[in-house]
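Quick notes on the structure that follows.
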Amino acid sequence: MKLSDFDFDLPEGLIATRPANPRSSARLLVAEGARITDAVVRELPDWLRPGDRLVLNDTRVIPARLSGQRVRPGPDGESRAGMEVTLLEPRPEGRWAALIKPLRKLGVGERIEFAPGFDATCTAKAEGQAVLEFNLAGGDFDAALERAGAMPLPPYIEARRKADARDRHDYQTVWARRRGAVAAPTASLHFDEELLDRIAAKGVQFTHVTLHVGAGTFLPVKVDDVRQHRMHAEWGEVSAQAASEIAATRASGGRIIPVGTTALRLIETAARDSGAIAPWQGETDIFIYPGFTFRVSDALMTNFHLPRSTLMMLVSALMGRERIMRIYAHAVEERYRFFSYGDASLLIPGE
């Protein structure tokens, strides 16, 4: 399998920079077997059956984008330089791995001020990243980050506009609970309370799992033979209750439908060892590409993904590469909106 096998032409005008409003008014491409139907997300209950179970990622995106000033003491007083920081993942002892621009202008031991009483010291630099030790911890850190930080929009949106106050709402799911993600599980952004109520009334049940989505989800694949690619690791948990609910639905003949690739990757990770869903906690770097055997997921609701990305490989594994290319050609022709704030698809493999 070559990287070029997962490429396609995407007009730049189809890249969404704002979500649909209301959330459930986004378009929904339903691909069931060889059939493609154009629908709307609010019609999702029409495609679900009583006894189905949606698996939802309850991670909460933190405002991980910070602007600050590097402070460097000198014989003639302090010198300052602007710094843009994106928190990546927590490290032991309250430290954070971070991307910093421009990293070359920050030395180990130097301090970045983000707001009065809120700063961090660089404790290490390696492989294009830094490790920051903040002066606040626990609830004080969370509160300061909420005040000073901005939502970490994906690079393809940041290149077109900066994050603003609207993104605090738009880039967070309505069921977000456990803080820790620096990117949203974007298929879940299409749901509002009214849609959830209508799905529940259909006899469909919900299970919450947690995968803290990392910035590595946007890293490009740089190898031509995709099997040589190594995924970034992300922390996740499938609780005993979640595993039990999923197993019971499968046993009763209901379908397991993860909402988003993050939920799918997590539950498939939790089924790797025994072949069936089981409680699981840890870091997963599972890489799903054609040839993968799905042990839990029967279908997938997801947004439209970047060409040549690992997520294109994942949906190709679920639906077949040729079929997914037909689906994406249809989406482009019908001018569906792509990527994190774009429209959605419901992928049901069929025969």
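The values are calculated or read from the model by the stated rules, or taken from the named source; none is laboratory data. For clarity, every value in this text was computed on a predicted model and none was experimentally measured. No Cβ is skipped: glycine too gets one built from the backbone with ideal geometry, and neighbour counts run over all protein chains shown. Remember, those area values only see protein heavy atoms, side chains included, never the ligands or the DNA or RNA. Shrake-Rupley method; radii C 1.70, N 1.55, O 1.52, S 1.80 Å.
Taking 30 Å as R0, compute the FRET efficiency from the Cβ-Cβ separation of MET231 and GLU78 and round it to 0.05.
Numbers: r = 42 Å, r/R0 = 1.40.
Efficiency for this residue pair is about 0.10.
Any idea what angle helix 240-251 forms with the longest principal axis of the chain, computed on alpha-carbon atoms, 0 to 90 degrees, nearest 10?
20
Hey, could you get me the Stokes-Einstein D for segment 44-94, Kirkwood radius over alpha-carbon pairs, 37 °C and 0.692 mPa s, rounded to whole µm² s⁻¹? Show your work: numbers first, answer last.
On the way: Rh = 16.3 Å.
Answer, rounded: 202 µm²/s.
Please give me, ordered by residue number, the trypsin sites (Lys or Arg not before Pro) of segment 201-260 that lie in loop per DSSP and have at most 13 other Cβ atoms within 10 Å. If you can, show how the numbers build up before the last one.
Values: sites: LYS202, LYS222, ARG227, ARG230, ARG250, ARG255; in loops: LYS202, LYS222, ARG230, ARG255.
Here the trypsin sites (Lys or Arg not before Pro) that fit, given the DSSP loop and packing criteria, are LYS222, ARG230.
Could you work out the relative contact order of the chain? I mean the mean sequence separation of Cα pairs under 8 Å and 6+ apart, divided by the number of residues, in percent.
Details: 739 pairs, mean separation 88.9, N = 351.
Computed value for the chain: 25 percent relative contact order.
Nearest-5 percent of antiparallel DSSP beta bridges in the chain?
Values: 51 of 69 bridges.
The answer is about 75 percent antiparallel.
Give the lysines reachable from LYS2 as a straight Cα distance under 30 Å; neighbours fewer than 8 places away on the same chain don't count.
LYS222
Determine the relative contact order of segment 210-314: mean sequence separation of Cα pairs under 8 Å and six or more apart, normalised by residue count, in whole percent. Walk me through the numbers on the way to the answer.
On the way: 150 pairs, mean separation 34.0, N = 105.
This gives 32 percent for segment 210-314.
Just in segment 81-131: which GluC sites (Glu not before Pro) are loop by DSSP and have at most 11 other Cβ atoms within 10 Å? Let's see the in-between values first.
On the way: sites: GLU84, GLU93, GLU110, GLU113, GLU127; in loops: GLU110, GLU127.
Within segment 81-131, the qualifying GluC sites (Glu not before Pro) (loop, at most 11 other Cβ atoms within 10 Å) are GLU127.
For Cα pairs less than 8 Å apart in space and 6+ apart in sequence, what is the mean separation divided by the residue count of segment 137-225, i.e. the relative contact order in percent?
On the way: 49 pairs, mean separation 24.0, N = 89.
Reported as a whole number, the value is 27 percent.
Given R₀ = 25 Å, FRET efficiency for ALA240-THR293 by Cβ-Cβ distance, to 0.05?
It comes to 0.55.
In segment 277-293, which residues have a backbone nitrogen under 20 Å from the label point lying 7 Å from ALA251's Cα in the Cα-to-Cβ direction?
So the set is 277-280.
How big is the charge dipole of segment 232-305 about its Cα centre, in debye rounded to the nearest 20, if each Lys and Arg gets +1 on its Cβ and each Asp and Glu gets -1 on its Cβ? It would help to have the intermediate numbers written out before the result.
Details: 5 positive and 8 negative charges, 57 e Å.
About 280 debye.
At ARG147 and ARG179, where each label point lies 7 Å from the Cα along Cα→Cβ, what is the point-to-point distance in nanometres?
In this crude label model, ARG147 to ARG179 measures out at 1.4 nm.
Take the solvent-accessible surface of the protein heavy atoms, probe 1.4 Å, and return the percent of it on segment 241-282 that carbon and sulfur atoms account for. Display every interim value, and only then the final one.
On the way: 730 of 1540 Å².
Percent of accessible area from carbon and sulfur atoms in segment 241-282: 47.
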